[in-house]
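The values are calculated or read from the model by the stated rules, or taken from the named source; none is laboratory data. Bear in mind that the values here come from a model prediction, so they are computed numbers and not experimental data. Cβ sites come from the backbone with ideal geometry, for glycine too, and all protein chains shown count toward neighbours. What goes into the accessible areas is simple: the full protein's heavy atoms, side chains included, and nothing from ligands, DNA or RNA. Shrake-Rupley method; radii C 1.70, N 1.55, O 1.52, S 1.80 Å.
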Amino acid sequence: MSVNNPQTREWQTLSSEHHLAPFSDYKQLKEKGPRIITKAEGVHLWDSEGNKILDGMAGLWCVAVGYGREELVEVAAKQMRELPYYNLFFQTAHPPALELAKAVCDVAPKGMTHVFFTGSGSEGNDTNLRMVRHYWALKGKPQKQVIIGRINGYHGSTVAGAALGGMSGMHAQAGTLPGIVHIPQPYWFGEGGDMTPDEFGVWAAEQLEKKILEVGEDNVAAFIAEPIQGAGGVIIPPDTYWPKIKEILAKYEVLFIADEVICGFGRTGEWFGSDYYDLKPDLMTIAKGLTSGYIPMGGVIVRDEVAKVLSEGGDFNHGFTYSGHPVAAAVGLENLRILRDEKIIERVQEETAPYLQKRLRELSDHPLVGEVRGLGMLGAIELVKDKATRARYEGRGVGMICRQFCFDNGLIMRAVGDTMIIAPPLVISHAEIDELVEKARKCLDLTLEALN
């Protein structure tokens with residue numbers, strides 16, 4: 001990135017000298033310097049050099065209602081003046097948290113009418129780990145400790161969140177935790193081999209039953225999974241996968257945790273991914289779209305049967321300083337109002353998601369593209385050397401090459417290995433979808449040219 005603004009250099013120097021960024025190669029970051037984002041409006045960002053960028057990732061999957069919503073700013077300021085902070089410990093509560101709990105439960109799947117608030121999705125999944133083990137202890141089955149996750153699943157980067165997830169790079173740096181095991185992901189394009197998608201979907205689901213029997217049903221507390229794996233590369237399971245998983249869960253005394261941090265609050269065209277797939281989770285992790293990313297907040301929505309056991313079990317020795325923070329709760333409440341009153345989720349389902357998916361699939365004819373898949377406001381483009389065999393450009397870092405061309409040409413599209421993924425704000429228009437797809441095609445052309 002060329003730098004002409006002296007202020008950009010000053011900020012990059014501050015980054016180099018004082019800031020440790022998340023998920024970053026510090027040596028590379030110091031050499032190149034970070035792009036400095038200074039303002040945003042709608043679905044676009046501007047950097048300190050004056051470049052306008054279409055945010056194809058909604059920040060980190062979270063800016064549902066778009067940037068620059070004054071209503072969210074106003075409710076945050078109003079709440080800061082009235083009650084900027086108080087905790088929910090020691091038989092204390094405040095109106096914003098209680099009203100948001102009711103609003104969340106109003107849109108949650110039937111039979112889920114209780115919420116435990118946290119500061120993030122990672123904290124939500126830490127809460128899940130403790131909550132399900134506490135639940136089984138209260139049921140007289142304290143040996144039910146093991147939680148089954150999926151390889152390449154993502155459930156946050158706290159110690160428990162990273163352990164529940166199946167990201168090998170994270171495990172390599174910090175290990176995992178006892179009592180957490182993993183099964184294969186339902187990633188047909190990357191791992192399906194000669195099986196059809198439907199055959200692979202059944203096979204992948206059957207690995208859950210195999211693992212339950214291997215560990216022993218009496219030892220398994222829960223299965224945790226994202227309806228659609230986000231950070232793993234927008235892995236949309238084959239149609240046969242979730243029906244088979246539901247069939248397996250119905251056979252065994254195992255709780256199901258749906259991690260809705262990415263899929264929740266409209267990204268699939270339904271309020272939750274669990275609605276889209278007709279899942280019946282016992283616990284649902286929420287964050288990101290809950291406040292459209294304007295302020296940090298997460299939580300766990302709990303099925304009534306689980307909440308009843310917890311409510312009769314004495315102290316639950318768990319919580320956070322910022323659980324149900326009043327300013328975050330006020331913003332969340334207003335964000336849900338905007339989603340509801342402006343019928344944003346209905347518009348995603350009926351208009352913009354079908355248009356996005358249609359336009360995205362036009363990229364399938366590109367020589368570099370092995371598959372385009374997507375659902376709602378989620379999409380993935382697989383970059384390959386050979387379309388027929390799905391073979392990759394091994395060791396070339398194609399995804400990162402493409403990502404850099406995106407940065408240089410006004411588009412944020414994320415690379416997961418050699419898979420390019422998008423998750424734009426839910427309010428993206430048809431014209432902005434056209435802009436996204438046109439810029440994506442240009443960057444694919446530049447990537448192919450660089451490879452050759």
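Kindly provide the set of residues from the stretch 257-279 that are free of Cβ contacts under 8 Å to residues at least 60 places away in the same chain and either open to solvent by 10 Å² or more (accessible area, probe 1.4 Å) or of a type in the set (Ser, Thr, Tyr) (or both), ordered by number.
Within the stretch 257-279, TYR277, ASP278 meet the criteria.
List, please: which pairs have Cβ atoms under 6 Å, are six or more places apart or on different chains, and start with a residue in the stretch 164-191 that is over 27 Å from GLU217 (Cβ atoms) and end with one that is at pLDDT 95 or above and in a helix (DSSP H, G or I)?
Between residues of the stretch 164-191 that are over 27 Å from GLU217 (Cβ atoms) and residues that are at pLDDT 95 or above and in a helix (DSSP H, G or I), the close pairs are MET170/ALA162; TRP188/PRO197; TRP188/PHE200.
List the pairs whose first member sits in the stretch 50-76 and is closer than 15 Å to LEU436 by Cβ, whose second member is among the polar types (S, T, N, Q), and whose Cβ atoms are under 8 Å apart, counting only residues at least 6 apart or on separate chains?
Cβ pairs passing all conditions: VAL63/SER292; GLY66/SER292.
Is there a residue in the stretch 224-234 that is modelled with pLDDT of 95 or more, buried (at least 24 other Cβ atoms within 10 Å of the Cβ) and part of a helix (DSSP H, G or I)?
No, the stretch 224-234 has no match at all.
Could you list, in sequence order, all residues of the stretch 176-196 that are open to solvent by less than 60 Å² (accessible area, probe 1.4 Å) and not aliphatic (A, V, I, L, M)?
Kept after step one, since they are open to solvent by less than 60 Å² (accessible area, probe 1.4 Å), are these residues of the stretch 176-196: 177, 179-190, 192-193.
Across the stretch 176-196, the qualifying residues are GLY179, HIS182, PRO184, GLN185, PRO186, TYR187, TRP188, PHE189, GLY190, GLY192, GLY193.
Considering only the stretch 335-358, I want to know if a residue exists there that is modelled with pLDDT of 95 or more, touching a Ser or Thr at 6+ places or on another chain (Cβ under 6 Å) and part of a loop (DSSP other than H, G, I, E, B).
Keep residues of the stretch 335-358 that are modelled with pLDDT of 95 or more, which gives 335-358.
Filter again for touching a Ser or Thr at 6+ places or on another chain (Cβ under 6 Å), leaving 335.
When the remaining residues are screened for being part of a loop (DSSP other than H, G, I, E, B), the result is none.
No, every residue in the stretch 335-358 fails to be modelled with pLDDT of 95 or more, touching a Ser or Thr at 6+ places or on another chain (Cβ under 6 Å) and part of a loop (DSSP other than H, G, I, E, B).
Can you name the helices (runs of 4 or more DSSP H) wholly within the stretch 113-198 that have at least 2 residues being among the aromatic types (Phe, Trp, Tyr)? Full working, then the answer.
Values: elements: 121-138, 159-164, 168-174, 188-191.
In the stretch 113-198, 121-138, 188-191 are the helices (runs of 4 or more DSSP H) which contain 2 or more residues that are among the aromatic types (Phe, Trp, Tyr).
Does SER157 fit the bill of being open to solvent by 40 Å² or more (accessible area, probe 1.4 Å), small (Gly, Ala, Ser) and within 25 Å of the chain's Cα centre (by Cα)?
Taking the combined requirement at face value, the residue satisfies it.
Those residues that are more than 16 Å from GLY298 (Cβ to Cβ) and touching a residue at least 24 places away in the same chain (Cβ under 8 Å), I need them from the stretch 113-141; list them, please.
THR113, VAL132, ARG133, HIS134, TYR135, TRP136, LEU138, LYS139, LYS141
Any residue at all in the stretch 246-256 that's touching a strand residue (DSSP E or B) at 6+ places or on another chain (Cβ under 6 Å), open to solvent by 10 Å² or more (accessible area, probe 1.4 Å), at pLDDT 95 or above and part of a helix (DSSP H, G or I)?
yes
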